[in-house]
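The values are calculated or read from the model by the stated rules, or taken from the named source; none is laboratory data. Keep in mind that this is a model prediction, so the values were computed, not measured. Here Cβ is always computed from backbone atoms with ideal geometry, including for glycine, and neighbour counts include all displayed protein chains.
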Amino acid sequence: MIDWLNELDKVLFILINVELSNSITDFIMPIITNDMVLRTAYGLAMLVVLWKGNARLRWMVLFSAIAIAFSDQLVNGLLKEMIARPRPCQTMSAVHLLVGCGAAYSMPSSHAANAFAQAVFFGTLVRKPRKYLAFIAFLIAISRVFVGVHYPGDVLVGSIIGITIGLFVALLFAVFERKVLARALQNRSH
């Protein structure tokens with residue numbers, strides 16, 4: 001079963017990375033997946049929320065940081081080393097590599113985990129931007145296959161981890177909001 005899944009992953013990788021590559025994806029995907037671009041976009045978005053948002057949104061920024069820290073450490077600090085799956089750019093010759101291959105392992109994708117943790121966390125608590133957040137997370141995740149550094153299975157597993165963490169942290173925030181923030185607002189009105 002595992003061999004069959006690995007072969008399917010390789011076939012899907014070649015389909016996305018080689019067959020679907022074109023001048024547009026070759027230009028856009030390295031930008032979408034760039035760590036500095038992602039960190040800057042996240043930082044700017046959180047600054048805007050801190051500046052323009054209400055107290056609830058400001059607290060969400062803290063929980064958002066918890067979600068991304070948990071997601072990133074779980075994937076990079078634990079799971080990648082346990083699973084130890086090499087990247088496609090390390091083992092396959094027919095890779096359309098658009099960024100540096102990287103020395104870390106492939107499974108699961110931390111970009112996918114982090115992006116989906118954020119999208120699900122914010123999308124669960126602030127419903128209006130949900131579809132945009134999901135689309136952005138999907139683009140970040142699939143960009144990893146387009147640039148040649150992850151198999152689709154790596155991205156799928158990373159996305160599932162991110163979704164799980166996003167839901168868990170959203171639940172923690174809901175408990176915090178109900179027990180701590182509600183009490184603080186009640187004490188303020190007295």
Quick check on this structure: which one of GLY123, GLY102 is in contact with a Lys or Arg (Cβ under 8 Å, 6 or more places away or on another chain) and loosely packed, with under 15 Cβ neighbours inside 10 Å?
GLY102
Any chance segment 66-83 includes a residue that's of a type in the set (Phe, Trp, Tyr), within 30 Å of LYS10 (Cα to Cα), free of Cβ contacts under 8 Å to residues at least 40 places away in the same chain and surrounded by fewer than 19 Cβ atoms within 10 Å (Cβ to Cβ)?
no
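Each row is one residue, and each column tells you yes or no for (1) in contact (Cβ under 8 Å) with a residue 12 or more places away in the chain; (2) out of contact with any helix residue (DSSP H, G or I) (no Cβ under 6 Å at 6 or more places or on another chain); (3) of a type in the set (Phe, Trp, Tyr); (4) surrounded by 13 or more Cβ atoms within 10 Å (Cβ to Cβ).
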{"site": "ASN22", "(1), (2), (3), (4)": "no, yes, no, no"}
{"site": "TRP51", "(1), (2), (3), (4)": "no, yes, yes, no"}
{"site": "LEU57", "(1), (2), (3), (4)": "yes, no, no, yes"}
{"site": "VAL61", "(1), (2), (3), (4)": "yes, no, no, yes"}
{"site": "CYS89", "(1), (2), (3), (4)": "yes, yes, no, yes"}
Before we move on, is HIS111 touching a residue at least 12 places away in the same chain (Cβ under 8 Å), closer than 21 Å to MET82 by Cβ and out of contact with any strand residue (DSSP E or B) (no Cβ under 9 Å at 6 or more places or on another chain)?
yes
Give me the pairs: first residue in segment 140-156 and on the phi > 0 side of the Ramachandran plot and aliphatic (A, V, I, L, M), second residue at pLDDT below 95 and buried (at least 24 other Cβ atoms within 10 Å of the Cβ), beta-carbon distance under 7 Å, and six or more apart or on different chains, which are they?
none
Answer yes or no as to whether THR33 is within 18 Å of GLY158 (Cβ to Cβ) and either of a type in the set (Ser, Thr, Tyr) or in contact (Cβ under 8 Å) with a residue 24 or more places away in the chain (or both).
yes
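Matching residues to (1) under 25 Å from ILE24 (Cβ atoms); (2) among the small types (Gly, Ala, Ser):
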position: ALA119; (1), (2): yes, yes
position: LEU125; (1), (2): no, no
position: ILE140; (1), (2): yes, no
position: ASP154; (1), (2): yes, no
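Would you tally the residues in segment 128-156 being outside any helix (DSSP H, G or I) and either more than 19 Å from ALA65 (Cα to Cα) or at pLDDT 95 or above (or both)? Give the steps one after another, and end with the answer.
Taking segment 128-156 as the starting set, the residues that turn out to be outside any helix (DSSP H, G or I) are 128-129, 147-151.
Narrowing the set further to residues that are either more than 19 Å from ALA65 (Cα to Cα) or at pLDDT 95 or above (or both) leaves 128, 147-151.
Residues meeting the conditions: 6.
Can you say whether MET60 is of a type outside the set (Ser, Thr, Tyr), closer than 24 Å to ARG178 by Cβ and modelled with pLDDT under 95, as far as the supplied structure shows? Before the answer, list the steps.
Values: of a type outside the set (Ser, Thr, Tyr): yes; closer than 24 Å to ARG178 by Cβ: yes; modelled with pLDDT under 95: yes.
It is true that MET60 is of a type outside the set (Ser, Thr, Tyr), closer than 24 Å to ARG178 by Cβ and modelled with pLDDT under 95.
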